[in-house]
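Below: the structure, in structure tokens.
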Amino acid sequence: MSQDTTSQNATTVRAAGNEHEDRSSAAGLKIFTIARYNLVRMFRERANLFFVLVFPILIIAILGTQFSGDEAPEVGVSGTGELVERTIERLQDSGAAEVRRVDSAGELRELVEDETVPAGVVVPDEAETALRGGESLEITMVLGPGDDAAQLEGVLTRAFEAEAVVPRVSGELLSRTDASDDEVAAAVEDTEAALPAIDVERVLAGGGDPDDEEYGVDQVAVGMLLLMTFLNALTGAASLIQSRKHGVSRRMVGTPTSISTIVVGEGAGRWSVGMFQAVYIMIASGLLFGVSWGNIPSAVVVLVLFTAVAAGAAMLVGAVMHNDEQAAGITVMVGLGLGALGGSMLPLELFGSTMRTIAHVTPHAWALDAFNELSRHDGTVADILPELGVLAAFAAVLFSLAAWRLRLTLTRL
């Protein structure tokens, strides 16, 4: 009898285990089905195709071109001779300016008047000879309107002054010694080469890295990714309200589907919509504009958590509100407001210290900090653990509140 009882108990345990596995598999399939339905539903509306696929890339292209500071300003130079050639080489090697050679002073003035170039300089012929002869050199600056022209005037002046030293010193030595031209030129060149180099350490009084790249296409892409990912996931709250209004949620509850499965499935649906948007922007901006996202696995971790925050917020709105049209309007305003406050529209570097602190009440600011660490400083997951922890906390709180509220709402159907 004991052997029969043991065999029956073992059979019962195996059957229970198989039943549990079957239920788990069925629940997983249902969660996947609900999530896939939400993703497909998004693409059935033609307006979504524009706002998900076209609009973000269009904004990145426009703003990235507007704010990009990667290219040096172009200046015009009219003149010939050794001094001009050396100065042009100095400007281009230093990256201070790109030089456009202009044939005449009149042509240079036309270029500046048309704002083709912000500034230019006219150098008289035989400038090198004049300096060697001890004469002063007069060059003409042609300036356009705006601050760029004033800054470039200083750049051009310093470049010509630096290159004027050698011929001026050579002329003085020739007038005071019996040495030949070749001997003086060799002595001056040797002296110039032996001058000690000056190493400049650049620091910011308020902290930070002065070599951080300017606000350009990379920062525009990050901001647009966070803004559109959060916004599109958040507007999905209207879909959840519609499912409740049209009886879809009621019919799901009437099937052998647990409330937990429905809640997780709806959350996965919001997350899949946001994740699709984020990955699409990341890939498209990288291919089209060469945007650098730093360490890709680490960037994906940031996306997963930030999208979870957006999905949790959408779930909470969808569970609390009952009017989908009203919810759509509110979510757009909230999404844009949080994006602006969190630095998605204007870089956090331009915020004051107080506003920068306030900005970090949003998940956007923490995600921006994480992406900046990855792209600007070659960071990895280990370097952004504080930011990941905050995003995970945001997601956990929002999902917990949303799950509680949605469960309460569904059980009252």
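The set of residues in region 124-148 that are closer than 18 Å to Ile88 by Cα, of a type in the set (Asp, Glu) and not in a loop (DSSP other than H, G, I, E, B) contains only Glu128.
Going through Gly342, Gly312, Gly329, Gly318 one at a time, which residue ends up being farther than 25 Å from Ala370 by Cα and buried (at least 24 other Cβ atoms within 10 Å of the Cβ)?
It is Gly318.
A residue that is among the polar types (S, T, N, Q), assigned to a helix (DSSP H, G or I) and either within 51 Å of the chain's Cα centre (by Cα) or closer than 30 Å to Glu110 by Cβ (or both) occurs nowhere in region 173-188. Residues in region 36-85 that are modelled with pLDDT under 75 and either among the polar types (S, T, N, Q) or touching a helix residue (DSSP H, G or I) at 6+ places or on another chain (Cβ under 6 Å) (or both): 9 in all.
Hey, which of the helices (runs of 4 or more DSSP H) in region 351-413, taking only ones fully inside, have at least 2 residues that are buried (at least 18 other Cβ atoms within 10 Å of the Cβ)? Full working, then the answer.
On the way: elements: 353-359, 363-376, 385-411.
Qualifying helices (runs of 4 or more DSSP H): 363-376, 385-411.
Taking region 226-238 as the range and being more than 24 Å from the chain's Cα centre (by Cα) and either β-branched (Val, Ile, Thr) or surrounded by 24 or more Cβ atoms within 10 Å (Cβ to Cβ) (or both) as the test, the residues that pass are Gly236, Ala237.
Kindly indicate the residue of region 86-123 that is in a loop (DSSP other than H, G, I, E, B) and either touching a Gly at 6+ places or on another chain (Cβ under 7 Å) or not assigned by TED's automatic domain parsing to the domain that holds Leu152 (or both) and also modelled with the lowest pLDDT among those meeting that condition.
Glu115
Would you mind stating whether Leu226 is closer than 30 Å to Val334 by Cβ, in a helix (DSSP H, G or I) and at pLDDT 70 or above?
yes
Close contacts from region 329-352, counting a first residue that is closer than 18 Å to Leu63 by Cβ and a second that is exposed (fewer than 15 other Cβ atoms within 10 Å of the Cβ), with Cβ to Cβ under 6 Å and a gap of 6+ residues or different chains, come to Leu348/Arg356.
The values are calculated or read from the model by the stated rules, or taken from the named source; none is laboratory data. The model shown is predicted, which means the values in this text are computed figures rather than measured ones. So basically every Cβ, Gly included, is an ideal-geometry build from the backbone, and we count neighbours across all protein chains shown.
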